[in-house]
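For reference, the structure is listed below as structure tokens.
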Amino acid sequence: MSDTAPSIFSRIVAREIPADIVFENDRIIAFRDIAPQAPLHLLVVPKTQEFANVTELAAGNPELMTEVVAVAGHLAAEHANGEYRLVFNSGVTAGQTVFHVHAHVLAGGLAESSLA
Ligand code: 5GP
């Protein structure tokens, strides 16, 4: 197993860092982004930190990737009008800051989003 230190998102999973959690099951956790870029800005995060980005996740566990997308859709329907943008920043120059794969779910008033 990896001896990598827990990511900030793994620390949220472990309840070492507080977060406004909106969904959780055995594989995935979702919570509000601490610096929202849209009226609804959630992060949907596989609990495993073995995948750094969406390319690795899709190649390594396509079922989990599919579940991330399904959870995003359900949460957008629950917390907004069901229409949403799904963003995976992949790499430093693309704006990724946390190297534990996560989907940004953005909904409502997206014109001002800096992730556009
Ligand atoms: P990235 O830049 O890697 O695509 O996205 C990382 C996201 O995680 C950012 O939007 C940032 O605001 C969010 N974030 C970073 N640290 C925390 C935290 O401790 N709690 C929450 N809820 N979000 C965080």
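The values are calculated or read from the model by the stated rules, or taken from the named source; none is laboratory data. All values reported here derive from a predicted model rather than from experimental measurement. Note: ideal-geometry Cβ built from the backbone for every residue, glycine included; neighbour counts use all protein chains shown. For accessibility, only protein heavy atoms count, side chains too; no ligands or nucleic acids. Shrake-Rupley method; radii C 1.70, N 1.55, O 1.52, S 1.80 Å.
Filtering the stretch 1-26 down to residues that are of a type in the set (V, I, T) and not in a loop (DSSP other than H, G, I, E, B), which residue is surrounded by the fewest Cβ atoms within 10 Å (Cβ to Cβ)? Result: I21. Condition check: modelled with pLDDT under 95 and farther than 21 Å from T4 by Cβ. Does G95 satisfy that? Here the answer is no, as G95 does not meet what is asked.
May I ask you to verify whether H100 is within 13 Å of the ligand (Cβ to nearest atom), in contact with a Phe, Trp or Tyr (Cβ under 7 Å, 6 or more places away or on another chain) and of a type outside the set (V, I, T)?
Working: within 13 Å of the ligand (Cβ to nearest atom): yes; in contact with a Phe, Trp or Tyr (Cβ under 7 Å, 6 or more places away or on another chain): yes; of a type outside the set (V, I, T): yes.
Here the answer is yes, as H100 does meet what is asked.
With respect to the conditions (1) outside any loop (DSSP other than H, G, I, E, B); (2) of a type outside the set (S, T, Y); (3) open to solvent by 20 Å² or more (accessible area, probe 1.4 Å), I29 falls short on a single one, namely (3).
When the residues of the stretch 40-62 are filtered to those that are in contact with a helix residue (DSSP H, G or I) (Cβ under 8 Å, 6 or more places away or on another chain) and part of a helix (DSSP H, G or I), which remaining residue is most open to solvent (accessible area, probe 1.4 Å)? Looking at the filtered set, the residue picked out is A58.
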